[in-house]
Amino acid sequence: MFKKILIANRGEIAVRIIKACKELGINTAAIYSDADITSLHPRLADEAYNIGGSVSIESYLNKEKIIKLAKKIGADAIHPGYGFFSENPKFITDVEKSGITFIGPSAKSVSMMGSKTSARALMSKNNVPVVPGSLEEIKNVNEGISVAEKVGYPILLKASAGGGGKGMRRVNSSEEFKSAFESTKREALKAFANDDIYIEKFIENPKHIEVQVIADKHGNFRHLFERECSIQRRHQKIIEESPSFFVDEKLRKKITDAAVNAAKSCKYYNAGTIEFLVDSNKQFYFLEMNTRVQVEHPVTELISGIDIVREQISIAYGNKISFAQSDVRLNGYALECRIYAEDPANNFMPSTGKIIDYKEPNGSGVRVDTGFTSGSEISIFYDPMIAKLICWDRDRLSVINRMKLALTEYQISGVITNISFLRFILENDDFTKGHYDIHFIDNLFKDNSNKIFDKSEDDLETAAFIFSALMKSTKSNVTKSKTVLSSNAWREQLYD
Ligand code: MV4
């Protein structure tokens, strides 16, 4: 097995990887920026190296420095976590050139899936259903209009180098096509230094369902069922669950088979995720593949009993997957809530500062993944996610109830968090009934505020007003904890 792994990441995922390494008896080396001196990951690793300035370019995105450090300290592998260098083919090539193992897929697989047009072409060749549209780049307006007529409006123009919601534009008719085509191309060039764009039919009110796969370097492929990830705001997921309430046995068989085919088609190894849109008729369409471990991997770990990060490390070393597909049983129900340092009453503005008091929920079926504790500084430099609260229970309503209690138990002071907003969602009837799609959160705001909201979507005061009104209109049946004393206590009380 590897002797020492350098973890090229921060926060909860760095801590998660350190824990997996400790269980495997592998030494861990953390890197941290100036802004992360008070974070948990440098404290928990066997070795920790300050690699520079707070901005990512000087630290977690400083390729030369990271690889040089790994060589110097004798690390035989690098785990990239998610974000940063996790899906960067050039980084993978450079790591491997220096004789260090990258804990992830080949540079080739990442490149193939990084281009959305090449991914779509590959999928459609391998019997993975893709959204109707073009399999190649659209060269000019006339070609585009003719493809759009064929698939039928509305369509989406998407940047081939985009993904995760960046570089998309809806087009409703041929009259709108020319100007939309030109601006999407311009924006794609600016954002991704690549202006290839393609067409997809616009799928109305879909659900976002993804399948966890794992593959090794010996050509073995497994799936670990699906995750339902529709509860999101501005392409940032907030609540994830597994299994999906909406997926019946017939759909589960089809969608997991398709996901395994997708992974096979790019000769994948490592843990990976195939994202699908699923429409109300239970038709599913490939969207993109994430060639990394994902934030929401714990819900899958809790319902499958498989340690995904441990498996990633073992696979990278060259071992075979440690379990057969028939060993994997879907057991119970898991829910994840992402705890963000942001203010729901102020248009979800990121909240920075030092965490003063910090008390996690605990108990049977409760897991917290975090990179911070009392005294940790939440800065403006990175993602505002403080922690993930993941619960397990035997069925969906029980796990929702367990999650509500755990959220009430969670005490964080010093920064404003979205905990009250998460509780608010869990109390929503449509949520508890499983009646939702990717527009759930946007609709929450719209339905309750027609007149005021129409003025301006970005009006901060309006959003705050609506949110306060929404929160006051909910009757909570969870036991309320005493409000913690903190500089922001008044905000916690506002919603009670
Ligand atoms: C779509 C779509 C509707 N139709 N494609 C957004 C993120 C990126 N991964 C793809 N996205 C979408 N692609 C077609 N043909 C709607 C979305 C979309 C979305 C997808 C998943 C989760 C949340 C979303 C929020 C808005 C739009």
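Residues in region 135-158 that are open to solvent by less than 40 Å² (accessible area, probe 1.4 Å) and over 21 Å from N205 (Cα atoms): how many? Result for region 135-158: 4. Selection of region 142-160 for residues being over 28 Å from the mean Cα position of the chain (by Cα), touching a residue at least 24 places away in the same chain (Cβ under 8 Å) and not in a loop (DSSP other than H, G, I, E, B) yields G144, I145, V147, A148, E149, V151. Assess whether P243 counts as being touching a residue at least 12 places away in the same chain (Cβ under 8 Å), open to solvent by 10 Å² or more (accessible area, probe 1.4 Å) and away from the ligand (no atom under 16 Å from the Cβ). So P243 fits the description; yes. Criterion applied to I416, I339, I412 was being at pLDDT 95 or above, crowded, with 20+ Cβ neighbours inside 10 Å and in contact with a helix residue (DSSP H, G or I) (Cβ under 6 Å, 6 or more places away or on another chain), and the one residue passing it is I416.
Out of contact with any Pro (no Cβ under 6 Å at 6 or more places or on another chain), without any contact (Cβ under 8 Å) to a residue 24 or more places away in the chain and either within 16 Å of the ligand (Cβ to nearest atom) or open to solvent by 10 Å² or more (accessible area, probe 1.4 Å) (or both): does that describe D327?
Yes: the conditions hold for D327.
Of the numbered criteria (1) more than 16 Å from the ligand (Cβ to nearest atom); (2) on the phi < 0 side of the Ramachandran plot; (3) within 21 Å of the chain's Cα centre (by Cα), the one D257 fails is (3). Report, by residue number, each residue of region 168-182 that is more than 9 Å from the ligand (Cβ to nearest atom), of a type outside the set (S, T, N, Q) and open to solvent by 30 Å² or more (accessible area, probe 1.4 Å). R169, E175, E176, K178, E182, listed by residue number. Are any residues in region 193-213 surrounded by fewer than 24 Cβ atoms within 10 Å (Cβ to Cβ), at negative phi and more than 14 Å from the ligand (Cβ to nearest atom), and if so, which ones? Of everything in region 193-213, those that are surrounded by fewer than 24 Cβ atoms within 10 Å (Cβ to Cβ), at negative phi and more than 14 Å from the ligand (Cβ to nearest atom) turn out to be N194, D195, D196, V213. If you go through region 135-161 and keep only what is out of contact with any Lys or Arg (no Cβ under 8 Å at 6 or more places or on another chain) and within 14 Å of the ligand (Cβ to nearest atom), you end up with V147, A148, Y153.
Among the residues of region 44-59, are any open to solvent by less than 20 Å² (accessible area, probe 1.4 Å), touching a Lys or Arg at 6+ places or on another chain (Cβ under 9 Å) and free of Cβ contacts under 8 Å to residues at least 24 places away in the same chain?
yes
Contact map, region 226-240: first residue hydroxyl-bearing (S, T, Y), second residue near the ligand (Cβ under 9 Å from one of its atoms) and in a strand (DSSP E or B), Cβ cut-off under 6 Å, separation 6 or more or different chains; pairs are S230/K207; S230/H208.
Residue-by-condition table, conditions (1) modelled with pLDDT of 95 or more; (2) aliphatic (A, V, I, L, M); (3) open to solvent by 20 Å² or more (accessible area, probe 1.4 Å):
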residue	(1), (2), (3)
N290	yes, no, no
V293	yes, yes, no
L335	yes, yes, no
S376	yes, no, no
S398	yes, no, yes
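Out of D216, D248, one residue alone is more than 25 Å from N418 (Cβ to Cβ), open to solvent by 40 Å² or more (accessible area, probe 1.4 Å) and away from the ligand (no atom under 11 Å from the Cβ). It is D248.
Across region 108-133, the number of residues qualifying as open to solvent by less than 10 Å² (accessible area, probe 1.4 Å) and within 16 Å of the ligand (Cβ to nearest atom) comes to 6. Within region 219-234, restricting attention to residues that are within 15 Å of the chain's Cα centre (by Cα) and at pLDDT 95 or above, the residue that is farthest from the ligand (Cβ to nearest atom) is E226.
The values are calculated or read from the model by the stated rules, or taken from the named source; none is laboratory data. Quick caveat, the model's predicted, so the values are computed rather than measured. All Cβ positions, glycine included, derive from the backbone under ideal geometry; neighbour counts span all protein chains shown. Note: areas computed on protein heavy atoms with side chains; ligands, DNA, RNA excluded. Shrake-Rupley method; radii C 1.70, N 1.55, O 1.52, S 1.80 Å.
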